[in-house]
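Some notes on the structure that comes next.
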Amino acid sequence: MKRIWFSIIFLGAAVALCLFEQLEVHRDYHSIIATADKATAAESRKDKEALCKELEKEWEHIHNWAALTTDHSILHGTEVAVAEAVEFSKSDYIDETDEALIEAKSELTQIHDSTLIKLENIF
């Protein structure tokens, strides 16, 4: 009987951990995408630069957790796109900044889709 209780407690802890991880992934993804959208929509270089720096800080937070569970080649592509957006935002290359932000959003969507608990990700 003790083994059954241990199994039930262990299973409950595993489910709770999975739910917590999925909620964090969902919250972080929507937060960073919202920041990228604001940066893309920003008109002035100063606003775009500030939002790109905020995007970089959010990416550093996400990267620390995503590195444990996600393919590093995907993470590297996102890191490059975010760094490009930050560097372009410091200059007068607004179009290149927007392109880098769109690429970063695409890479972030790929990370988000690969970390969801779905049958296609499990098998």
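Cut-off under 28 Å on the C-alpha distance; same-chain residues fewer than 8 positions from Lys118 excluded. Which lysines are left, in chain and number order?
Hits, sequence-local ones excluded: Lys105.
So what's the angle, to the nearest 10 degrees on a 0 to 90 scale, between helix 94-115 and the longest Cα principal axis of the chain?
Around 10 degrees separate the two axes.
Accessible area per residue, 1.4 Å probe, Å², for the chain: what's the number?
Numbers: 8350 Å² over 123 residues.
Computed with neighbouring chains in place, this is 68 Å² per residue.
Taking Rh as the Kirkwood radius, which is the inverse of the mean 1/r over Cα pairs, what is the Rg/Rh value for the chain? Intermediate values should be presented prior to the final figure.
Working: Rg = 18.1 Å, Rh = 15.8 Å.
Using only Cα positions, Rg/Rh for the chain is 1.15.
Per-residue HN-Hα couplings for the range 54-62, Karplus 6.51 cos²θ - 1.76 cosθ + 1.60 at θ = phi - 60°, whole Hz, x for Gly and Pro?
5, 4, 5, 5, 5, 5, 4, 5, 5
Share of the range 67-106's accessible area from carbon and sulfur, percent, 1.4 Å?
Values: 1180 of 2230 Å².
Exposed carbon and sulfur together represent 53 percent of the surface.
What residue among Ser31, Thr69, Trp5 has its Cα farthest toward the positive end of the dipole of the chain, where the charges are +1 on Lys, Arg and -1 on Asp, Glu, each on the Cβ?
Trp5
Can you work out ³J(HN,Hα) from phi for every residue in the range 68-73, in order, using Karplus 6.51 cos²θ - 1.76 cosθ + 1.60 and θ = phi - 60°, giving whole Hz and x for Gly and Pro?
6, 10, 10, 4, 5, 5
The values are calculated or read from the model by the stated rules, or taken from the named source; none is laboratory data. All of these numbers come straight from a predicted model, not from anything done at the bench. As a convention, Cβ positions derive from the backbone with ideal geometry for all residues, glycine included, and neighbour counts pool all protein chains shown. The accessibility values were calculated without ligands, DNA or RNA, using every heavy atom of the protein model including side chains. Shrake-Rupley method; radii C 1.70, N 1.55, O 1.52, S 1.80 Å.
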